[in-house]
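**Q** Handing you this structure, nothing more for now.
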Amino acid sequence: MNKLSFLFITAVTIFAMACQNAPKGEKAVTEAAKKVANNAAASAANATYKVESGSTIMWTGTKLAGPHTGTLNVSTGTVNVKDGKVTGGKFFIDMGSLTVTDLEAGKGKEKLEGHLKSADFFDVANNPEATFEITAVEGGNVTGNLTMMGVTKSITFPADIKAPAGGVSVKTPNFTINRTDWGLKYGSASFFDGLKDKAINDEIGLQIRLRAR
């Protein structure tokens, strides 16, 4: 086998492994930010509920060596409901609450959390909060503007939303977003050559558990 063939096979193998290790879930449809309903529409809601403590976003990031998992807290927010259906809302994500759940304290957990909060990734010191603002709820899908690192994109993903009298619950299956759409390029083979087995997958897996009352 000549050197060129070996390099080609190696590159294909690494690409295949990266695809296999990608976070599970449907890819969110990502577009330019959409217009948000005006204040009149929000005030027409039958009820506005406050997001409860304990609402969480679970995340998964992967590289060739395997996945890392963790959580982010939804700190505050409101959800608008009219005639038993969610019509809008906005919630705030505390980026400083980012926690790694697959590593133990003293065994890499603190180091990875610190790196993810650094300027290489989410730059929490300068971007302490992310937001998601609902623009539409249709056919079992939620569409909204996700603002992160000063960049706003519209994403659409599947969600199980229940709005009985007195509250709202939102549960999503695993879905993924491409972190580079928000300028998170560290370790991305899409932007940097020569990373080999150190490449970090562009896709981030997310799963939302939110309650509002």
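The values are calculated or read from the model by the stated rules, or taken from the named source; none is laboratory data. Worth saying up front: this structure is predicted, and the values here are computed from it rather than measured. Heads up, the Cβs are rebuilt from the backbone with ideal geometry, glycines too, and the neighbour counts pull from every protein chain shown.
**Q** Take the residues of segment 60-85 that are in a loop (DSSP other than H, G, I, E, B) and not aliphatic (A, V, I, L, M): which is nearest to PRO128 (Cα to Cα)?
**A** The residue in question is GLY84.
**Q** Suppose the filter is charged (D, E, K, R), surrounded by 15 or more Cβ atoms within 10 Å (Cβ to Cβ) and more than 13 Å from the chain's Cα centre (by Cα); does ARG179 pass it?
**A** Here the answer is no, as ARG179 does not meet what is asked.
**Q** Let me ask something additional. Just to be sure, is PHE92 in contact with a Ser or Thr (Cβ under 8 Å, 6 or more places away or on another chain), among the aromatic types (Phe, Trp, Tyr) and within 16 Å of MET58 (Cβ to Cβ)?
**A** No, not satisfied.
**Q** Any idea how many residues of segment 183-204 are outside any loop (DSSP other than H, G, I, E, B), over 20 Å from LYS153 (Cα atoms) and not charged (D, E, K, R)?
**A** Going through segment 183-204 one residue at a time, the tally reaches 1.
**Q** Of the numbered conditions (1) within 30 Å of ALA47 (Cβ to Cβ); (2) in contact with a Pro (Cβ under 6 Å, 6 or more places away or on another chain), MET148 satisfies every one except a single condition; which is it?
**A** With respect to (1) within 30 Å of ALA47 (Cβ to Cβ); (2) in contact with a Pro (Cβ under 6 Å, 6 or more places away or on another chain), MET148 is out only on (2).
**Q** At pLDDT 80 or above and crowded, with 18+ Cβ neighbours inside 10 Å - does that describe any residue in segment 41-54?
**A** The answer is yes; a qualifying residue exists.
**Q** Which count do you get for residues in segment 83-100 that are among the acidic types (Asp, Glu) and at pLDDT below 95?
**A** Within segment 83-100, residues that are among the acidic types (Asp, Glu) and at pLDDT below 95 number 1.
**Q** Among the listed residues THR60, THR71, identify the single one that is within 23 Å of ARG179 (Cα to Cα), of a type in the set (Ser, Thr, Tyr), buried (at least 17 other Cβ atoms within 10 Å of the Cβ) and modelled with pLDDT of 95 or more.
**A** Residue meeting the stated conditions: THR60.
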